[in-house]
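Structure, as structure tokens:
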Amino acid sequence: MISVLVVDDQTLIRSAITDLVSQADDLAVVGEAANGQRAVELARRLRPDVVCMDIRMPGTDGIAATRTICSDPALSDVRVLVLTTFEEDQYIIGALRAGASGFIGKGCEPDQITDAIRSVHQGDALLSPAATRSLINRYVNPDSDPQTPAALEHLTDREREVLTKVGAGMSNDEIADALVISPHTAKTHINRIMTKLGAHDRAQLVIAAYENRLVRPHNP
């Protein structure tokens with residue numbers, strides 16, 4: 001059973017998300033919070049598997065709360081899924097840099113929210129289409145010449161390949177198939193890349209792939 005902490009300052013929305021999550025057989029809501037400070041307190045007390053975090057809240061906002069949760073060694077197994085109406089560049093980057101494992105809009109379908117919780121719990125990075133487009137627009141210049149940024153100098157050629165696949169949104173199994181390696185080997189590469197780049201989790205590897213221009217937008 002995946003335990004979930006729901007954080008939103010609007011009672012109606014918080015209740016709707018709680019009801020939605022509670023209907024899934026493999027998910028259980030263990031707590032609710034109306035602001036970031038309370039979210040941090042409950043995360044430390046309840047140790048949920050996933051925190052569904054709103055961004056704009058009075059007092060301690062969702063980004064600050066995410067940063068506190070994700071930087072706490074005692075909460076290293078807690079994953080944060082940002083669920084918000086504000087799919088804007090500054091919020092996406094801020095949330096992912098703070099350590100969020102996923103970012104999805106409140107306008108998505110109900111089953112997409114529960115699937116997102118499961119994906120984040122499994123260790124996959126998850127970005128909504130709007131968030132992905134924002135990352136592309138911010139970090140990817142299709143006219144620029146390819147370079148080898150300093151951040152990648154300590155990665156092996158294989159690790160750069162793996163990082164590129166992570167940035168493209170591939171799962172461990174998909175990376176394994178694409179590179180003809182085992183899923184275990186793919187996971188080992190990812191863990192080593194995270195250590196070398198100082199990434200909190202897989203979502204920050206997605207940011208690194210875009211920042212270092214390993215991922216480029218597909219032409220329509």
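Lysines near LYS165 by alpha-carbon distance under 22 Å, same-chain residues fewer than 8 away left out - which ones?
LYS187, LYS196
Using packing as a proxy for protection, rank 4-11, 173-180 so that the peptide with the highest average count of other Cβ atoms within 10 Å comes first.
4-11, 173-180
Between beta-carbons, use under 14 Å as the cut-off and find the net charge around ILE13, counting Lys and Arg +1, Asp and Glu -1.
Summing Lys and Arg as +1 and Asp and Glu as -1 gives -2.
Using Cα-Cα distances under 8 Å and only pairs 6 or more residues apart, what relative contact order does segment 35-112 have, in percent?
Here the relative contact order equals 30 percent.
Read-outs: derived from the displayed coordinates by stated rules, not from any lab. All values reported here derive from a predicted model rather than from experimental measurement. Cβ: placed from backbone, ideal geometry, glycine included. Neighbour counts: every protein chain shown.
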